[in-house]
1. Quick check on my filter: what residues within the range 141-168 are closer than 17 Å to residue 199 by Cβ and of a type in the set (Gly, Ala, Ser)?
2. Of the numbered conditions (1) touching an Asp or Glu at 6+ places or on another chain (Cβ under 7 Å); (2) open to solvent by 10 Å² or more (accessible area, probe 1.4 Å), residue 178 fails exactly one; give the number of that condition.
3. Against the condition modelled with pLDDT of 95 or more, acidic (Asp, Glu) and more than 16 Å from residue 215 (Cβ to Cβ), how does residue 21 come out, does it pass?
4. Going through 190, 173, 201, 142 one at a time, which residue ends up being among the acidic types (Asp, Glu), farther than 20 Å from residue 261 by Cα and touching a residue at least 40 places away in the same chain (Cβ under 8 Å)?
5. Filter the range 264-297 down to the residues that are free of Cβ contacts under 8 Å to residues at least 24 places away in the same chain and touching a strand residue (DSSP E or B) at 6+ places or on another chain (Cβ under 9 Å), then identify the one that is nearest to residue 156 (Cα to Cα).
6. List the residue pairs whose Cβ atoms are under 7 Å apart, where the first residue sits in the range 91-115 and is free of Cβ contacts under 8 Å to residues at least 12 places away in the same chain, the second is among the aromatic types (Phe, Trp, Tyr), and the two are 6 or more positions apart or on different chains.
7. In the set 196, 220, 200, 162, which member is in a loop (DSSP other than H, G, I, E, B), touching a strand residue (DSSP E or B) at 6+ places or on another chain (Cβ under 9 Å), open to solvent by 20 Å² or more (accessible area, probe 1.4 Å) and not small (Gly, Ala, Ser)?
8. Would you call residue 116 at pLDDT 95 or above, of a type in the set (D, E, K, R), within 21 Å of residue 266 (Cβ to Cβ) and open to solvent by 30 Å² or more (accessible area, probe 1.4 Å)?
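The values are calculated or read from the model by the stated rules, or taken from the named source; none is laboratory data. Quick caveat: nothing in here was measured; it's all calculated off a predicted structure. Cβ coordinates were reconstructed from backbone atoms using ideal geometry, including for glycine residues, and neighbour counts include every protein chain displayed. Areas reflect the complete protein model, heavy atoms only, side chains present, ligands, DNA and RNA absent. Shrake-Rupley method; radii C 1.70, N 1.55, O 1.52, S 1.80 Å.
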Amino acid sequence: MKPFDYHRATSPADAVAVLADHPHGAFLAGGTNLVDHMKLGVAQPDLLVDVSRLDLTETVHTADGGVRIGANVRNSDLAADPVIRARYPMLARALLSGASGQLRNVATTGGNLLQRTRCVYFQDVTTPCNKRSPGTGCSALDGYVRYHAILGASPHCVAVHPSDMAVAMCALDAQVVVQTRDGERRIPVDEFYRLPGDEPDRDTTLRHGELITAVELPAPPSGAVSDYRKVRDRASYAFALVSVAAELTFTSTFQIGSARVALGGVAHKPWRARRAEQVLTGDQPSAETFAAAADAELKQAEPLPGNEFKVDLARRTLMAQLRMLTERRRP
C-alpha cells in the first residue's frame, strides 16, 4: 500500500486550489477507474482531493434550449433522465452500453470523461508503456492489438479511449465546463481530448489542477433522429471494438439536412467523423451515399497486423447506423 494524503473539498475553488499545489495529486469522485489503477500500481497519487460531495449533481435546462449536466451526476441517473432519453437518446444508449448497473450507480459524468485506456499493457506495470511511463516504449506494437487504434495513432501509442459516453458527447457537440484558478473555461469535447503524438501520457488538454464541473449540451436540431450502436466481443461488460454515435436531420425533400457522427473504439480519442459528415450533408440517403461517407472517413485508417478487421467492421457499423436512422424518418 502506497500512503497518500486525503482532502475533502468544500467547493470547486477549494478543490482546484489544493490540487494545484500538489503536482502528483488527483481528484477522486466515483473512483471506478482511479481506485483500480491505484491497486494495480498504474497510478500513485500522493494526495486525493475528494470532490464526490460537491453540489454538482443536477441536470438543468440552459438558456439556449440545451442542458447542463453536473460533473457528479451518476451515469445511471443520467441514462434514466427523461429529458436525456427524449432529446438525446444516443447519450442514454451510450451510457447503458458502458458498464454494469453497479458501476453506473457509482461512476460520475466528469469521471467517465477522464477514463484512461484499458490497454492491457498500460494496466500491466511489468511491461513498457509510453502512456504510463513516458519513454519506455509501446508493448502493444508487437503484441495483442485486437482492441487497438486504426485512426490517429502514433509510433508511441496505439491505445484507444474506452468511454462510450464520450463518443456520444463528441457527436452532440458537448462542451466541458472546467473550473480553473482564474474562473471557468469551456472546452469542446472534440478539443478536450488529444491524439497521442509524442506525448501519449497526456490524454486531454486539461491543465493539472483543473476540475470538470459540468458538461453542456446544445439543443438538438429540430426533427433530429439519433442513436448509439456498439459492437463488442460479448453482449455486456465489454469495451467497444467499434461504436458509432450518429444524428441526422432531413429536409422536406428527404435529403440529409445535417449529420453529426463520432466513432468509438478506433482511436486514442472519440473520433469525430467530419469527412463522413461532409459527404452525407445535402445528399440523398442511400446505400451508395452511406458507403461513400464511410470510405471517405476510413481511407486514412492505418490498422496494425492483427486488427485489420476493424476497418471493415467500422465501415459496416457506420453504414448500418445511418440506414437505421434513415428508416426511422423515411416518409
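1. Once the filter is applied, which keeps residues that are closer than 17 Å to residue 199 by Cβ and of a type in the set (Gly, Ala, Ser), the range 141-168 yields 149, 152, 153, 154, 159.
2. (2)
3. Numbers: modelled with pLDDT of 95 or more: no; acidic (Asp, Glu): yes; more than 16 Å from residue 215 (Cβ to Cβ): yes.
So residue 21 does not fit the description; no.
4. Working: 190 fails: farther than 20 Å from residue 261 by Cα; 173 fails: farther than 20 Å from residue 261 by Cα; 142 fails: touching a residue at least 40 places away in the same chain (Cβ under 8 Å).
Residue meeting the stated conditions: 201.
5. Selected residue: 274.
6. Once the first residue is free of Cβ contacts under 8 Å to residues at least 12 places away in the same chain and sits in the range 91-115, no partner that is among the aromatic types (Phe, Trp, Tyr) comes close enough.
7. Details: 196 fails: open to solvent by 20 Å² or more (accessible area, probe 1.4 Å); 200 fails: open to solvent by 20 Å² or more (accessible area, probe 1.4 Å); 162 fails: open to solvent by 20 Å² or more (accessible area, probe 1.4 Å).
Result of the check over 196, 220, 200, 162: 220.
8. Working: at pLDDT 95 or above: yes; of a type in the set (D, E, K, R): yes; within 21 Å of residue 266 (Cβ to Cβ): yes; open to solvent by 30 Å² or more (accessible area, probe 1.4 Å): yes.
Criteria met by residue 116.
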